[in-house]
Each structure stands twice: as structure tokens, then as C-alpha cells.
Amino acid sequence: MRCGMQVLVQNPESGLSLNRWSTSDSSPSYNHVSNSAVFSVCCVTDVDSAEWISVRTERREPLPQRPLTGPSQDLDLSDPPKLRESIDQCRRKLKVKLKRKFECVFEGIAKEGLPKTLLNQIYTELYITEGGATEVNQDHEVRQIEKASRNPHRPQTIITCEDIFKTPPDSAQPIRTVLTKGVAGIGKTVLTQKFSLDWAEDKANQDIHFIFPFTFRELNVLKQKKFSLVELVHHFFTETREAGIWIFEDLQVVFILDGLDECRPPLDLNNTQILTDVTESTSVDVLLMNLIRGNLLPSARLWITTRPAAANQIPTEYRGMVTEVRGFTDPQKEEYFRKRFTDEEQTNTIISHIKTSRSVHIMCHIPVFCWITATVLEDMLKTTDRRQLPKTLTEMYIHFLVVQAKLKSIKYDGRSGTDSPWSPETRKMIESLGKLAFEQLKKGNLIFYESDLTECGIDISSASVYSGVFTEVFKEERGLYQDKRFCFIHLSVQEFLAALHVHQTFINTGVNLLSGQTSVWSKLFMDKSVQFYQTAVDQALQSPNGHLDLILRFLLGLSLPTNQGLLHSLVKPTGSSSETNQKTVEYIKKKISENVSTERSINLFHCLNELEDGSLVDQIQQNLRSGRLSTEQLSPAEWSALAFILLSSEKDLDVFDLKEYSGSEEALLRLLPVVKASNKALFSGCNLSERSCEALSSVLRSQSCSLTLLDLSNHDLKDSGVKILSDGLKSPGCRLDTLRLSGCLITEEGCSSLVSALKSNPSYLRLLDLSYNHPGASGQELSALVEDPHWRLDTVRLDPAGVRWLTPRRHFCELTLDPNTANKRLKLSENNKKVELVKEVQSYPDHQDRFEYKPQLMCSTGLTGRCYWEVQWSGNVEISVIYRGIRRKGGSEDCGFGGNDQSWSLWCCRGEYRVWHKGKCTDLCLSSSSSSGTVSVYVDCPAGSVSFYTVSSDKLIHIYTFKTTFTEPLFGGFRLLETGSTVCLSGV
Ligand SMILES: Nc1ncnc2c1ncn2[C@@H]1O[C@H](COP(=O)(O)OP(=O)(O)OP(=O)(O)O)[C@@H](O)[C@H]1O
């Protein structure tokens, strides 16, 4: 077949070869002849001499792909040179077209007479990462942003605009299709425009011959028509038609398909209609599906952008790489405002203002929101004191509306900037837009048609008034054809207008649109409005994906008389009393205290913020600052407030150390969302049980978890706990690269569950610490995984290992004696590990910590958590655990170990053991004739126990356990009662 006759179709006018195909027999088969051109047909027998042209009917397998970045790869177009020239010329023309199209950003204000915003001037690098969850995320988009904003240091690979097609270092295959996800307004379209503009301006990716940017909005309007792929390209990029280019197989071509979420109806990639001929006409849907599936132009590159909810339209097998636009990081937010404004003082004022408002600062992750903020603050700073700048979301959106109305009244109504912007027509239009926003949100629609507008009383025939007036609120999108499609510039603007509509309807008619109930308008208004807001809170809490969260925030914000005042004659003042608001605040606080999920309670905190009530948060913050925060006594609402503060604070959530709050299981479970948002979680020795394993396992399975290090060392997790954790480790989304399980009572069984979890998922784990456990033979399996290049695991710590570590010994702490505390008859040696009672008084300097009369001393380190140490003794000694505050001066039993409530002692002498506490002695029936031995001490502070053991070979024989509640750190201490007695701290 490959050696068959080649047919070359030439356009006699340009001399350019347009198309050719091969035949397997002597009679040429004419697959396609363009209607618009006159062709002559000639036969070519030497395939190699025309290598630049592909043989269409033969090419079923994907072409070898070439990198799009790197050195320029001009085609070898020497044959015929005219073709090369035509392609170059066409490329130049296309570049001019794209440059013209993308050099300015459409921000609604690009109307005649107003200055244009240059893309290169305002373009700020976006935070783009590789990967991201592939499953559909149903959460409200604003909620997703807030989650993302809590993970400032995600470990994923960061991608820049120009490297979007760059092959990742760990991938052998060049990428054909890049799927880029991102919530509304996050900058996907602008990103594709910048990519195209950089190419058109010869700044990047010059190895690409043609970039063809399409939007699904434009393609939607062609759905009724039939095109071949080549015709579709010719239709949008007439330069290619004029140059007569019909073949793109051997050219580096990039198709950009922006806004898959807007594709109507959604693409059905499982549709079986296969098309491989780029010149065969069919519906646009079928063309797109075959392009995406790689049946059409397998050599082309594709870049598809979409909001997350529609990403699943592209099955995994057709995604070469998934990337996610996450908006602006904190430094990028600043950079954006610095680019936007030239006046440095103004920029600094704006930036510092944004930082003072938590909600506004978080929302500025979304570029479109940065733009709204910039528009509002720029306008307000001209006339307003900076102390009055908007601090809540509602205020910001009200001002946005006011700015738009002002612009319209100056531009179209010939009024001055000081006149009220709310003419009756403008008021009527805002009402109509509010209705439209609400009705369409109810249906889940973000894009609407003319009929939807008409239904809401918007007269489309006076489009010049409407589209001209609120261009910035309500963006009119025109495809190439006459169908008009509309959307609000951002979902949050639609939600604001919808909330305004709900508010207005209730005030004017008593109808609660959220519940569908009508209230009888009466003097019981206060009760009715209390009920109205409470129903709204309930509805939002019941909405499964947080889709009413933002509406609720706006609705509550609109209940404040100060905000109603800003909208003057647009909204009727409700006379809503502070009593009503107080009742709403109390209701929200009650809901927070009812153990609602953290995501919910966070929105409820934002609501309190809109109602200007920060009491709960302030109280916790004050306690945090003063160090008076006693986590033992926090109520559920206070726990939520603490979680809210930690999640939304400027403070880095990189490391979450449970002991900073309270080393307890309760604290871990309450602060679980903070754990999820942190990169490293340190829980070593926090007295956690299997309950925590379950919670942590679910955190590891969750798609929004950003944990990379988990330290669970020194817990009695046992095999059962480790099995539960392994479930989390198995999950494909788990990004853990370090897991510490040192001293967790793990045996072979637990270890094998870890091995199988690691094997079932090409996990990210690099370091696994299993020291001080007894992994048995499974330890070797783990070591084998380290050797195997298929696994990322590169370090497994198994030593020390063995059955002896299934005892408190695994909590071994290295202690040293503190010479400043040693009575002057105690002689220290062996690097302060050994002490002996001697006759001669030692020449120690005076020190406030020194025991004056009692022959005692203590260790240097204060102990919390769990600790174990071993002591070799001889003679007559007391081995103790004490508080630091024990008295040093004088000879009373107040100072003696065991003689007070600040110390717990074991007395050892000639094979007898007694324990002492508060001066009370308990004789123990243990007999041994030995006058020396090894005793070990195990302190479990969280559990409130001190245990003593004798150590015989590897075995621990229990002597006694004191149970109490420790209120301070503990110290090891020793008292030597006969000259020549010794105590020596030993290793294990
Ligand atoms: N990188 C950027 N630098 C500066 N401004 C940006 C950037 N990205 C986006 N913006 C601003 O945000 C607005 C919205 O961006 P864009 O239209 O690209 O969002 P999108 O993710 O495509 O949203 P949608 O899913 O709603 O189509 C732009 O009009 C522009 O004002």
C-alpha cells in the first residue's frame, strides 16, 4: 500500500500542492475535490521527494511527535519553495490576526472612547499545577477557591504559560492533549490568549507552525452546520483558505478549544462515529470528538480548557496531561495590583486594604475578582476615605454595582459623577437582571439566550441600552453568527444579583423565594424577617454542595442598614432592626455549635463577618494571643472558630504540630480540616488511638488533602491501626512522601498491610520509618521495594527492630544528669551519665538548683509524652520521677524524693523494692538477694502513669505503676542513700 501510486492535487494559480492521496491499484480514487478551486492532477511516483506531504489515506497510526518547545524546527520546504513561502506568508498573516485579536483583554469596558487594557501590560503569571483530581468536584466554585487558598505550598509541579505542552521529565511520551481545568474567572481564557499572543509576537513556541484558537461559545453556534475539519479551520482562519492549505499533518499545529463547559450539548466521546478524513464534512460535534480522540490529525496538539465540572467529558485515555489553573498566589495578587495601577501610593493603599479583609483577600485568588476589586477601589479612592473602603464581600459587590451605574449615567445619560446613578430605567434594569440571575441559577445555568432575557422583562431590541449600560456586569457574547448568548462576568456577580432579587422580593411582597413561602405582611415584620434569614441559613446548610453559600453571605450582608444605605433608592430600606440581626447572629452561632461540618461552619463564619459580628473569632484570637487558650475547655463552636482562624489566617499552614494546641485525640479530630490543609502533620506521642487512624485515613483519601509528611510515631496503633491507615495510603490521591510509624507496636501483620498498600498504588511515599517495631519477614519485602526502580520508596527505616520493641522500651529517651542540681557529695562521671555517693564534699559552685542537704540530683531534660529509660544501680538508691519545682534548700522531707506530692520514687536496696509518694511507702513483695540490678522507668504523661520495671536480659518485669494526672513536665531524679552507692543511665 505504501508503495502505491501517489496523487498530487495542485492549485494551478498558486502552484501550491493542496492535497494528495495514494492508491493501491492503478485507478486513482478521488476522495475529495474542493468545490472552490480548480485542480490539475498529476502523478508522483517518488514518495520521498515529497516527504513534507502526508499520505492521507494511509496514515492511521499516530505520527511520531516532535517537541513543541526547544529549537525552531522549520520544515524542509525546499520542494517546492513556493509552498514554503505560502506557508510562511500564511503564518505571518495568522500571527497578525491573533495579535490584533488578543493584544487587548476584554473586561467589559472596551467600548468606544474608553482606553483599552493591554494584555501584556496586565498579564500576571498564574499559579498552574500539573495533575489535580480527575473526579468531578461538585463543590461550589467559590468554596473550591477557599480550599485552594488554604494550601499555599502545594507540592505539585508548577507550570508556566509557555511550557504548557512541555513533556514532563518523568514522561517518555510527548503530550498530545492538555486538559486545563479551573473555576470560573480563574484565568483560563486569558492564559490561552497569552499563549497565542506570545506565539504571534514571536516570543515563545516558535516551533509551532499554526495556532488555531477556538472557543466552544463560537463553535456552539455552528452546531447546525456541516464542515470538514479543514473547512472549519478555513472558516475561522481565512488566511489558511486563501493560502490554499489543506494539509496539516506534517505541520506543528495547535488547536485551542477554550471553555468545554460551555459546549452545548455536552460532547459524548463514547459516540462511535469514527472519522479519519480531514476533508470529510460532518457535524461540528463529530469533528471535535474525532479530533480529541486522535482519529483526525493525530499529529496535532490540543489544548482544552474547562471549568472543573465538565472535565469528565474527556475520558482519561484522551488526556495527555491534566493541569489546573489555581489563580493567583499571595505574591501574584500583589503583582496584579502593581501592574494594574501606576500610582505607587494608590497601589500600596489598595494592597494593604485587601489584606485587612479576610473574605476579600481570599477571593482575590480569582483574577476576575481582583479586577472587580481594582475597579471598585480605584473609583472609591478618588472620593472616599480609605477607612470606608469595603471590607466585606457584600460591600464590595454593592460598590461594584454603584461604579457600573455611575459609568452608565455619565456615559449614556449625560449626568455628572455626583448625581445619583439610580435613574428609574437603571433601577428597572437591575431588577430584571436580578430576576434573570436568580431564575437561571435555580436552573443551574450560567449562560443564557435571548428568550431567557425576554422572559425576565429585558427588552432585547433595546440591546444598545442594555448591553451598553451594563457591559461590565452583563457581558454579551457574540459568536460569528447572529445568536446572542449572555453571561454575567462572573458567577459571584450572578449570585449577588440573585441575592438582591431574593432580598427585594421579600421586602416588597413578603415572598421568601428560597423557601417558596409567603409571609403575611404585618407588623410582625421583625418575626417574619428573623424567620426569613433563618430559613436562608437552613437552606444553605442543606444544599449538598454549598451552592447557596455565597447567596446567603450576600443576603445577610444586604440586611445591614448601612449596606442598604449604599444602594440608596435602589432598595427599599427594611428598617431591619439590630435586634433582628442579633437574632440571626445568635442563630448562626447556634448552628456552628451544632457540630456542622467545617466547610459549613467556615461559611457561617463568613456570614457572621458579613453581619459585622466577629465576637466568636475575636474571643479565640484574644485567648490565642494571650496564651490563655485552654483547648481542654473549648466548646464545639470555639473549636470551629479556632479551625476557621487557623484555616484563614495569613500564617503559614505548612506544619501542623498538634502539641502546639493540645496533644490530644479530641484536638486532632476537631482540627482535622486544618490537618488536611497542612503539608506536614506532627503527632508523635499524642496519645492517639484507632479513632484517629480512621480520621487520618479518610483525610488521606480526600482529594483536597495536601499532606506530604505524617508523623505518628510513639503510639499504640498496633497492627489494627496500621491497617486502617493503609487504606488511606492506598488511595490514588494520597500524596504522602514521608510516613513515620516508629514505635507503634507494629508486627509482621501490620507491616504486610503497608506493603500491599504501597504495591496497590504507585504511591508517592519515599520514606517510611518503622524503627522500634517488629516487622519480621515483611521488613524484607519493604527493603525489596526500595531496590525496585518501579517504586518511589527510597528509604525504609527498620532498625532497631525486634520483639523487644513491642514493650515501653520503644519510647526510650536519652537522659543526662544535671550537674547543677547535684548535692555536693555526689560525684558525677562518664559524661554525666553516672553518679556515686562519696564521702568527700565536691567543690561544686553554689547554684540555686542544687540540692542542699539531700544526696539527690535530677536529669536535665523535662519530659512530656511518653518516655522510657533504664538505670543500673548498686547499693541503696531511690529512682524517681519529679517536678522541677521541688524544694532544694533545707533537709525536710519536702525536699526528699518520694516525701511530697511532687515526686514518685522507687527505693531499691538488697533485693527489696518499695515505692514512695507524699511520704507514704508501699512495700512490694518482690524478693531478690541481689544488691545491684537494672531498673527501668516508663512515663506516659498523657495517660498519667509512671511504671517501674526490673530488667532481666531482654525482659521487663513489672514492679509498680503510679496513676495520677501530671500538671507539669517531669524529670528523672535519683537519691543515693549509702556511701559507695551508684546509679548509671544506660542505653537500650
Ligand atoms: N493572568 C491574568 N492576569 C491578569 N488578569 C487576569 C489574568 N487572568 C484573568 N484575568 C482577569 O480575570 C478575568 C477573567 O479571566 P478568564 O476569562 O480568563 O477566566 P476563565 O477561567 O476563562 O473563566 P470562565 O470559566 O468563566 O470562562 C479577565 O477578564 C481578566 O480581567
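When the surface is traced with a 1.4 Å probe over the full set of protein chains, TYR868 keeps roughly 0 Å² accessible. At the residue level, GLU840 shows approximately 110 square angstrom of accessible surface with a 1.4 angstrom probe and all protein chains present. For GLU666, GLU395, the ranking by accessible surface with the largest value first comes to GLU666, GLU395, using a 1.4 Å probe. Computed on the stretch 627-805, with alpha-carbon pairs under 8 angstrom and 6+ residues apart, the relative contact order is 15 percent. The alpha carbon gyration tensor of the stretch 939-979 gives principal lengths a ≥ b ≥ c with a/c of 1.5 or higher and a/b no greater than b/c, which makes the shape oblate. The protection proxy used here, the mean number of other Cβ atoms lying within 10 Å of each residue, ranks peptides 528-536, 298-306, 810-818 as follows, highest first: 298-306, 528-536, 810-818. Amide H contacts of THR177: LEU302, GLY320, MET321, each under 5 Å away and 5 or more positions distant or on a separate chain (H built 1.01 Å from N in the peptide plane; Pro and chain starts excluded). Centroid-to-centroid, using Cα positions, the stretch 837-915 and the stretch 273-295 are 86 Å apart. If you sort the three axes of the alpha carbon gyration tensor as a ≥ b ≥ c, you get a/c of 1.5 or more for the stretch 627-805 and a/b above b/c, which makes it prolate.
Rank THR316, THR922 by accessible area, highest first, at a 1.4 Å probe radius? Show your work: numbers first, answer last.
Numbers: THR316 100, THR922 60 Å².
Ranking THR316, THR922 by accessible area, largest first, yields THR316, THR922.
Other residues within the sphere of radius under 13 Å centred on the Cβ of PHE328, judged by their own Cβ, net out at +1 (K and R +1, D and E -1).
Charge tally around GLU586: other residues with Cβ under 12 Å, Lys/Arg +1 each, Asp/Glu -1 each, net +2.
The base-10 log of I(q)/I(0) for the stretch 722-849, evaluated at q = 0.11, 0.18 Å⁻¹, reads -0.53, -0.88 [Debye formula, identical scatterers on Cα atoms, solvent excluded].
Packing, as the average of other Cβ atoms within 10 Å across residues, places the peptides 911-921, 609-619 in the order 609-619, 911-921, highest first. Cross-link reach is defined here as a Cα-Cα straight distance under 17 Å, omitting same-chain residues fewer than 8 places apart; for LYS918 the lysines meeting it are LYS854, LYS963. For a test of the definition: using alpha carbon positions, the gyration tensor, and the 1.5 limit on a/c, classify the stretch 179-262 as rounded, prolate or oblate. Because a/c hits 1.5 or more and a/b fails to exceed b/c, the stretch 179-262 counts as oblate. Bridgeable lysines around LYS723 (alpha carbons under 27 Å apart, same-chain partners fewer than 8 residues away excluded): LYS659, LYS676, LYS680, LYS759. Report note on the peptides 194-202, 978-986, 550-558: ranked by the mean count of other C-beta atoms within 10 Å, highest first, their order is 550-558, 194-202, 978-986. Of the residues HIS399, HIS790, ranked by 1.4 Å probe accessible area with the largest first, the sequence reads HIS790, HIS399. Exceedance of the 29 Å cut-off in Cα-Cα distance is limited, within the set LYS391/LYS590; LYS188/LYS428; LYS99/LYS382; LYS391/LYS589; LYS93/LYS116; LYS382/LYS528, to LYS188/LYS428; LYS99/LYS382; LYS382/LYS528.
Taking amide H positions as modeled 1.01 Å from N, with prolines and chain starts lacking one, the residues under 5 Å from THR305 and 5 or more places away or on another chain are THR180, LEU257, ASP258, GLY259, LEU260.
Calculated on the Cα set of the stretch 837-988, radius of gyration then Dmax: 14.8, 42 Å.
The values are calculated or read from the model by the stated rules, or taken from the named source; none is laboratory data. The structure presented is a predicted model; accordingly, all values stated were derived computationally and were not measured. Every residue, glycine among them, receives a Cβ derived from its backbone with ideal geometry; neighbour counts consider all protein chains shown. What goes into the accessible areas is simple: the full protein's heavy atoms, side chains included, and nothing from ligands, DNA or RNA. Shrake-Rupley method; radii C 1.70, N 1.55, O 1.52, S 1.80 Å.
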